[in-house]
Amino acid sequence: MQQGTLMRKVKSKNWKKQRYFKLQDDCMTIWYQSKRTGKIESAFSISDVETVREGHQSEVLQSLAEEFPPERCFTIVFYGRRGNLDLIAGSAEEAQCWVQGLHQLIEPRSFPLTSGLVPCTWIRDWFQKGDKNKDGRMNFKEVQRLLKMMNVDMNEDHALQLFQDADKSESGTLEGEEFVLFYKALTQREEVLSLFQDFSEDGKKLTLLELVDFLRQEQLEDEGTEQLAMELIDKYEPSETARARHVLSADGFLMYLCSPDGSIFNPRHQALWQDMSQPLCHYFISSSHNTYLIEDQIRGQSSIEGYIRALKRGCRCLEVDCWDGPNGEPVVYHGHTFTSKIPFREVVSTLGKVVSRCRRAAQSTPTPSHPFPGAGGSWWRWLPGVTDPRGQQIHGGDGHPKVPTSLSPTLQELKHKILLKGKKIGRLEDTLDGPGDEALDMSDDDNGVEAEEERRRVKVGRTQHSPALQKDKESLAQALSDCVIYCKSVSFRGFQEARSHSRPSEISSFVEAKARKLIRDSGNEFVRHNTWQLTRIYPSGMRTDSSNYNPQEMWNVGCQIVALNFQTAGMEMDLCDGLFSQNGRCGYVLKPPFMRDEETLFDPNDPTSREGPGPTTLTIQVISGQQLPKVASSKDAAVIDPLVRVEIHGVPVDQARQETKYIENNGFNPRWDETLQFQLHVPELALVRFVVEDYDKTSRNDFVGQFTLAFANIKPGYRHIHLLSKDGTSIPPSSLFVHIRITE
């Protein structure tokens, strides 16, 4: 990698340009230049890279599969909305050199505790940004400019004092280790040191017993506390001498608080912690709408990248809109629009590869943290656009399913299965026991055309001899119909009708407006319905910009499949990511007990209908922030004025938001020391969203970062909140430091 490698940069099947790629000496920057002109075309930082995919894992590389073997191909995936970089190396050995090298450079960022309190990669990154003339050293003027880039508005005399203290060589510049000293002085955490000294008798170390006292009194650790204290010292104390004496220094204490063990997210809930043997309808399921779209709903691009991103985000219900294509080959796109089309064959091929890789990964680790862990299956939703029988031939199935009599099958029974949702000829019993005489049920009211077709069929009388129905039966291949087992689409004609005539193996879909009306008019009936049958909610057809509705109100009545446009960042996707970030990110979250009881009295509009203890009080002391990112549109010299808003999303009576004052000109280490308090009547359904904004008195505040999690996953005590970007990606080392108390 250091010598520069000649590789093909690929943008399309017919656009393949040779470029020299080289990793700079700082091990943080990669640039590439034209082979013909020698001109440097672009450069990117290792910190911008999210992951590296090997083989034909993009549409472009798949289109070149016959020309170039997978061993020579790889894709660099960037954070945010930046396009992927598809590359073809000259040999499999060169490709592996780059893939393995990039992985090694990326992975250390996942645990930011190397080289003292801060990772070397972050320090090098800042040094490269500040060293304008690239001479490997920084003078005071460059340091002042860097402080502005780092969101620090510091008194010049204080900055000069820190600079001179770090300049051990007295050269008037900072190099290597001198800059590390400057950075460590800059990131001194007075609020953490004060907390440390509250429990340390000599102010220099925490003995084992002092650490145990802190864990019990403040962190509310009540089981195996002494063993936990020993483990934390072994894990986070940087001094070998201190570890041998079983004491924790101030540096080790800060390391612990900044680590996953000191996170607001309960580390026990990161793994698979819920009962996974319940019926399928007892879980919230991570679900996407029009998964293939990565832009808007009318003219946007259809891409297999949409499926890859959704699966890696933990999505379990995918949408595959199939329509007739040339030569009997179905294509996937948003029907009756101008969105681009992708071959159905490419979609299923990509999904098959991703599923296989994730299953192998799940089998090799005791903690299911992959998109397809051992618990449960995945969903494909098939829309009725394919009429050519040649495009409907499906092979395979669900093994030997049983007809559910009372509830949908359990996740364990569906392990490693793929469920197909769509039209079906006859009943499930007919598929398993032989053909029956029930007509085709066309039922998915996803848009006006389908809804009108459904109403017309209902008006005909749903008889076997109806010409329209007979035509539908002829246009749907039996092999495809037989693959629809537990997710037969049926029309919804009221809760009473559903209870009398529907089956647990059936599913109804509602546009968001219809779902809201049912929630408003029949909240308890909707909750009861969702205890035994699946419900899917999808966005209004008016959301042509791929915007999203609020999923919380749908989860409040137990709707399992709440489909969102994953390509659109915002509060709605923050809630989705926040809910499904638990339980090993498996895409399934068990509903509370009162939402699994068919005789439940719960109605989200009436919190007193929930049986159990009274309201829970959540008290949050927002203490400080660390190294908050600059607003993307701001100038280098601009420094943000941050404030923190805490939002509660849950049943209507629990919806609330409170915010701190803003801190002027300090995005590096702002101190708020403000306490916010909330009353939660149904904490089991509450999500807590922390938002940092840049205050602007003349216009709307700018987004800085956020973190969302379910109330059930909050760990009380002194905790760090590691912020995420608008796209849901990590933005290390940006964080908030808070103190959490929960009382009933």
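The values are calculated or read from the model by the stated rules, or taken from the named source; none is laboratory data. Nothing here was measured: the structure is a model prediction, and the numbers come from that model. All Cβ positions, even for glycine, are placed from backbone atoms using ideal geometry, and neighbour counts span all protein chains on display. To get the accessible areas, we keep the full protein, side chains included, count just its heavy atoms, and leave off ligands, DNA and RNA. Shrake-Rupley method; radii C 1.70, N 1.55, O 1.52, S 1.80 Å.
Hey, could you check the stretch 256-298 for residues that are open to solvent by 10 Å² or more (accessible area, probe 1.4 Å) and among the small types (Gly, Ala, Ser) and say which is nearest to Cys576 (Cα to Cα)? Checked the stretch 256-298; the qualifying residue nearest to Cys576 (Cα to Cα) is Ala271. Filtered by the rule that a residue be among the aromatic types (Phe, Trp, Tyr) and without any contact (Cβ under 8 Å) to a residue 40 or more places away in the chain, the stretch 635-679 gives a lone residue, Tyr662.
If I ask for residues that are among the polar types (S, T, N, Q) and under 33 Å from the mean Cα position of the chain (by Cα), which ones from the stretch 187-200 would you list? Hits for the stretch 187-200 are Thr187, Gln188. The single condition among (1) open to solvent by less than 10 Å² (accessible area, probe 1.4 Å); (2) out of contact with any Ser or Thr (no Cβ under 7 Å at 6 or more places or on another chain) that Gln560 does not satisfy is (2). Selection of first residues in the stretch 730-744 that are farther than 24 Å from Ser194 by Cβ and of second residues that are among the basic types (Lys, Arg) and open to solvent by less than 60 Å² (accessible area, probe 1.4 Å), restricted to Cβ pairs under 9 Å at least 6 apart or on distinct chains, gives the following pairs, ordered by first then second residue: Ser730/Arg109; Pro732/Arg109.
When the residues of the stretch 694-714 are filtered to those that are open to solvent by 30 Å² or more (accessible area, probe 1.4 Å) and charged (D, E, K, R), the one that is nearest to Gln567 (Cα to Cα) is Asp702. Right, Gly578: at pLDDT 95 or above, of a type in the set (Gly, Ala, Ser) and in a helix (DSSP H, G or I) or not? Yes; evaluated as a whole, the condition is true for this residue. The condition of being among the charged types (D, E, K, R) and out of contact with any Gly (no Cβ under 8 Å at 6 or more places or on another chain) holds for Asp696.
The residues in the stretch 656-670 that are part of a strand (DSSP E or B) and either open to solvent by less than 70 Å² (accessible area, probe 1.4 Å) or in contact with a helix residue (DSSP H, G or I) (Cβ under 7 Å, 6 or more places away or on another chain) (or both) can be counted, and the count is 3. Yes or no: Leu220 open to solvent by 50 Å² or more (accessible area, probe 1.4 Å), touching a strand residue (DSSP E or B) at 6+ places or on another chain (Cβ under 7 Å), farther than 15 Å from Leu254 by Cα and hydrophobic (A, V, I, L, M, F, W, C)? So Leu220 passes the test.
The rows are residues; the columns are (1) of a type in the set (Val, Ile, Thr); (2) more than 18 Å from Pro592 (Cβ to Cβ); (3) modelled with pLDDT of 95 or more.
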{"residue": "Thr241", "(1), (2), (3)": "yes, yes, no"}
{"residue": "Val247", "(1), (2), (3)": "yes, yes, yes"}
{"residue": "Asp251", "(1), (2), (3)": "no, yes, no"}
{"residue": "Leu257", "(1), (2), (3)": "no, yes, yes"}
{"residue": "Pro260", "(1), (2), (3)": "no, yes, no"}
{"residue": "Phe265", "(1), (2), (3)": "no, yes, yes"}
{"residue": "Phe284", "(1), (2), (3)": "no, no, yes"}
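Name the residue that is nearest to Ser349 (Cα to Cα), counting only residues in the stretch 46-59 that are open to solvent by less than 30 Å² (accessible area, probe 1.4 Å) and among the β-branched types (Val, Ile, Thr). Among residues in the stretch 46-59 that are open to solvent by less than 30 Å² (accessible area, probe 1.4 Å) and among the β-branched types (Val, Ile, Thr), the one nearest to Ser349 (Cα to Cα) is Val52. Would you call Ser735 surrounded by fewer than 19 Cβ atoms within 10 Å (Cβ to Cβ) and among the small types (Gly, Ala, Ser)? So Ser735 does not fit the description; no.
Can you pull out every residue in the stretch 299-352 that is open to solvent by 60 Å² or more (accessible area, probe 1.4 Å) and either part of a strand (DSSP E or B) or at negative phi (or both)? Scanning the stretch 299-352 gives Arg299, Gln301, Arg309, Lys312, Arg313, Asp324, Pro326, Glu329, Phe338, Lys341, Arg345. Looking at Phe668, Phe690, just one residue is out of contact with any Ser or Thr (no Cβ under 6 Å at 6 or more places or on another chain), outside the structural domain of Asp603 (by the TED database), under 25 Å from Glu553 (Cβ atoms) and aromatic (Phe, Trp, Tyr), and that residue is Phe690. Considering (1) under 28 Å from Met255 (Cα atoms); (2) at pLDDT 95 or above; (3) surrounded by fewer than 21 Cβ atoms within 10 Å (Cβ to Cβ); (4) in contact with a helix residue (DSSP H, G or I) (Cβ under 9 Å, 6 or more places away or on another chain), the lone condition that Glu674 does not fulfil carries the number (4).
Of all residues in the stretch 500-528, exactly one satisfies the criterion of being among the small types (Gly, Ala, Ser), buried (at least 22 other Cβ atoms within 10 Å of the Cβ) and over 16 Å from Cys487 (Cα atoms), namely Ala515. The set of residues from the stretch 201-221 being outside any helix (DSSP H, G or I) and either under 31 Å from the mean Cα position of the chain (by Cα) or of a type in the set (A, V, I, L, M) (or both) comprises Leu206, Glu218, Gln219, Leu220, Glu221.
Among the residues of the stretch 149-167, are any part of a loop (DSSP other than H, G, I, E, B) and at pLDDT 85 or above? Within the stretch 149-167 (the criterion being part of a loop (DSSP other than H, G, I, E, B) and at pLDDT 85 or above), the answer is yes, since at least one residue qualifies.
Residues of the stretch 581-629 that are closer than 19 Å to Lys715 by Cα and either in contact with a Gly (Cβ under 6 Å, 6 or more places away or on another chain) or part of a helix (DSSP H, G or I) (or both): Asn583, Gly584, Arg585. Given the condition assigned to a helix (DSSP H, G or I), touching a Pro at 6+ places or on another chain (Cβ under 6 Å), surrounded by 16 or more Cβ atoms within 10 Å (Cβ to Cβ) and at negative phi, answer yes or no: does some residue in the stretch 227-250 qualify? No: the stretch 227-250 contains no residue that is assigned to a helix (DSSP H, G or I), touching a Pro at 6+ places or on another chain (Cβ under 6 Å), surrounded by 16 or more Cβ atoms within 10 Å (Cβ to Cβ) and at negative phi. Condition first: touching a residue at least 60 places away in the same chain (Cβ under 8 Å) and surrounded by fewer than 18 Cβ atoms within 10 Å (Cβ to Cβ). Now tell me which residues in the stretch 154-186 satisfy that. Of everything in the stretch 154-186, just one residue is touching a residue at least 60 places away in the same chain (Cβ under 8 Å) and surrounded by fewer than 18 Cβ atoms within 10 Å (Cβ to Cβ), namely Lys184. Does Glu191 satisfy the condition of being surrounded by 12 or more Cβ atoms within 10 Å (Cβ to Cβ), touching a strand residue (DSSP E or B) at 6+ places or on another chain (Cβ under 7 Å) and either in contact (Cβ under 8 Å) with a residue 24 or more places away in the chain or not hydrophobic (A, V, I, L, M, F, W, C) (or both)? Yes.
Inside the stretch 64-95, residues that are open to solvent by less than 10 Å² (accessible area, probe 1.4 Å) and either on the phi > 0 side of the Ramachandran plot or in contact (Cβ under 8 Å) with a residue 60 or more places away in the chain (or both) make up a count of 3.
What do you reckon, is Ile537 in contact with a helix residue (DSSP H, G or I) (Cβ under 6 Å, 6 or more places away or on another chain), surrounded by 20 or more Cβ atoms within 10 Å (Cβ to Cβ) and part of a strand (DSSP E or B)? Answer is yes for this residue.
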